1. Name all residues of the range 59-77 having a backbone nitrogen under 15 Å from the label point set 7 Å from the Cα of V88 along its Cα→Cβ direction, giving them as ranges.
2. Taking only the Cα atoms of the range 40-122, how large is their convex hull per residue, in Å³?
3. Give, as a single signed number, the net charge of other residues whose beta carbon lies under 13 Å from the beta carbon of A57, with Lys and Arg counted +1 and Asp and Glu -1.
4. Please get the size of the charge dipole for the range 50-122, origin at its Cα centre, with Cβ charges of +1 on Lys and Arg and -1 on Asp and Glu, quoted in debye to the nearest 20.
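Throughout, read-outs are computed from the coordinates displayed, never taken from laboratory work. If you're wondering where the values come from, they're calculated on a predicted model, not measured in any experiment. Here the Cβ positions follow ideal geometry from the backbone for every residue, glycine too, while neighbour counts run over all protein chains shown.
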Amino acid sequence: MPGQDPAERRVVTGPPRRTRRTLRASGYYRPRTEIDEQTTLGHTYVRSLMRSQLRAALTVFAVLALLVGPLPLLFAALPDARRLEWGVLGFGLYLPLVLLARWYVRRAERNERDFVRLVEDK
């Protein structure tokens with residue numbers, strides 16, 4: 001515009017962009033950065049998640065082994081119990097297996113939620 005002083009004229013192209021903080025600029029390092037850069041600390045974070053997921057899986061496996069493992073011995077002790085075998089295998093194990101799977105999924109999701117809460121900014 002002809003009537004304005006060039007020092008007063010401003011050009012606005014959009015909202016100001018956020019700059020990424022670094023260790024030197026902010027004084028701290030986020031866990032997400034540690035994981036992305038694959039540092040020793042980031043490796044430790046991921047290993048702790050994997051360890052907690054493995055612990056949940058081994059717990060499910062142990063309960064499953066204790067639940068299903070003795071069944072062949074039970075069936076061998078009762079030689080003429082074909083209906084009992086099919087009843088136990090077909091109906092008796094269904095509910096415990098569904099409950100065990102449900103527990104495992106909830107536990108795995110909780111482990112992941114805890115990990116994300118640890119990694120995200122607070």
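1. Taking a point 7 Å out along Cα→Cβ of V88, the residues of the range 59-77 whose backbone N falls under 15 Å are 65-77.
2. Numbers: hull volume 6.0 nm³, N = 83.
Spelled out: Cα convex hull of the range 40-122, divided by residues, is 72 Å³.
3. Working: positive: R51, R55, R107; negative: none.
Net charge in that neighbourhood comes out at +3.
4. On the way: 11 positive and 7 negative charges, 36 e Å.
Roughly 180 debye, rounded to the nearest 20.
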